[in-house]
Amino acid sequence: MTTAHDSATAAASGASATERFKSDKPSGVSDTPPERVSLLARSVLDAVHSTIREHKVTYDEFNALKAWLISVGEDGEWPLFLDVWVEHVVEDVATEHREGNKGTIEGPYYVPDAPEQGASGSVPIRDDEPGTPLTWKGRVTSTDGSALAGAKVELWHADADGYYSQFAPGIPEWNLRASFTADADGNFEIRTVRPAPYQIPTDGACGKLIAAAGWHAWRPAHLHVKVSAPGHEQLTAQLYFPGDAHNDDDIASAVKPELMLDPKRVDGGEAIDYGFVLDPA
Ligand code: MBD
Ligand code: FE
């Protein structure tokens, strides 16, 4: 059977992720003081040079690298590459002071301003959406235990085939993307479906690296969230399902034990209970 997904390509999803990045996060090197740029660029170059000396990198290998770096840009895969292999360390460093909820990486597929569904409701979903229905109850609190009424919980995730709306063709614009607003007690209730394990695009430059190195392209199934409330640091996280084959070898190194769900079977699907504790800003 042919589906719209068969025409999903790395170049198309990479181009969408690159455009998304440019419009949402348009800050540049000019905001960074020259001493800092010099320090960081020097440090990265030193690491490259010592890798070359240590492993006696050849001209053939140097040229293979040049060709590959050119193709990362041509395929629009800089966001994918950086989010899969680098962002997890940036996230660790940025959030190490937090006492509240653990977070993890954002990845390349967040879109702001998803449809608002109030404190309780369903994500936008197709009539024939495949996958196990999931009901998720949670509460947003501050580190002192007080409820964060009006906290915003933005959710986005792949469908049961592993595709994200707005980055793969043939999916309604806001499918499986929504924003919820916690009630006066900080509570919210979300209805969606369980996402599938996710394989990053294999037909572009990142896929070429994975194949050439003999790695795999899988991330475990995950729900992405951003949680925000006035006077608090925004939390970006992902939640995972126990038993997933890739919880222990996520290609994006973004799984943490604190982010593991505990789904219970209920009539017509599964129920999860997971809340968030935000740090005061
Ligand atoms: C994803 O869905 C994702 O979450 C990350 C981090 C990288 C690629 C695809
Ligand atoms: Fe994802």
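Quick notes
- Of all DSSP beta bridges in the chain, antiparallel share, percent nearest 5: 70
- Gain on full extension, evaluated as 0.36 nm per residue between K102 and E35 minus their Cα-Cα distance, stands at 20.9 nm.
- Candidates S13, S50, S23, ranked by Gaussian network fluctuation over the chain, Cα under 10 Å, top entry: S50
- Interchain or long-range residues, amide H under 5 Å from Q199's placed H: R219
- Values of log10 I(q)/I(0), in the order q = 0.07, 0.12, 0.17 Å⁻¹, for the chain under a Debye, Cα-only, solvent-free model: -0.29, -0.84, -1.52
- Backbone amide hydrogens, once placed in the peptide plane, bring L278 within less than 5 Å of N101, T141, S142, T143, excluding anything fewer than 5 places away on its chain.
- Across the range 231-244, coupling constants 3J(HN,Hα) worked out from phi with the 6.51/-1.76/1.60 Karplus curve, θ = phi - 60°, read x, 10, 6, 5, 9, 10, 8, 9, 10, 10, 10, x, x, 5 Hz, and Gly and Pro carry x.
- The range 6-67 and the range 153-232 have Cα centres separated by 24 Å.
- Which listed pairs, of K102/K226; K102/K256; K137/K226; K137/K264; K22/K66, have C-alpha distances above 18 Å, in listed order: K22/K66
- Exposure proxy shown here: for E154, E74, the number of other Cβ atoms within 10 Å sets the order, fewest to most, as E74, E154.
- Amide proton proximity set for V193, modelled H, under 5 Å, gap of 5+: L134
- Mean residue ellipticity at 222 nm, helices only, the chain: -9000 deg cm²/dmol; runs of at least 4 DSSP H residues each add -39,500 (n - 2.57), and the sum is divided by the number of residues.
- Integer Hz, Karplus 6.51/-1.76/1.60 couplings in order for the range 152-161, x for Gly and Pro: 9, 10, 9, 10, 8, 7, 6, 7, 5, 9
- Restriction of the trypsin sites (Lys or Arg not before Pro) in the range 116-192 to DSSP coil positions whose beta-carbon has at most 13 other beta-carbons within 10 angstrom yields R126.
- Net charge in the neighbourhood of G269 (other residues with Cβ under 13 Å of its Cβ; Lys, Arg +1, Asp, Glu -1) is +1.
- Cβ-Cβ FRET estimate between W85 and D24, R0 fixed at 22 Å, reported to 0.05: 0.60
- The aspartates and glutamates whose alpha-carbon is closer than 14 Å to the alpha-carbon of K152, local same-chain residues fewer than 8 away aside, are D113, E116, D183, D185, E189, E233.
- Listed residues V225, V90, V153, most fluctuating in the chain (Gaussian network, C-alpha, under 10 Å): V90
- Gain upon complete extension [V93, V57; 0.36 nm per residue less C-alpha separation]: 9.9 nm
- Karplus-based coupling profile of the range 66-74, in residue order and whole Hz: 4, 4, 5, 4, 4, 6, 4, x, 4, with θ = phi - 60° in 6.51 cos²θ - 1.76 cosθ + 1.60 and x standing for Gly or Pro.
- Panel order for H157, H222, by other beta carbons found within 10 Å of each beta carbon, from fewest to most: H157, H222.
Each value in this text was obtained by applying a stated rule to the coordinates, not by laboratory testing. What you are looking at is a predicted structure, and each value in this text was computed from that prediction instead of being measured. In this analysis, Cβ positions are derived from the backbone assuming ideal geometry, glycine residues included, and neighbour counts consider all displayed protein chains.
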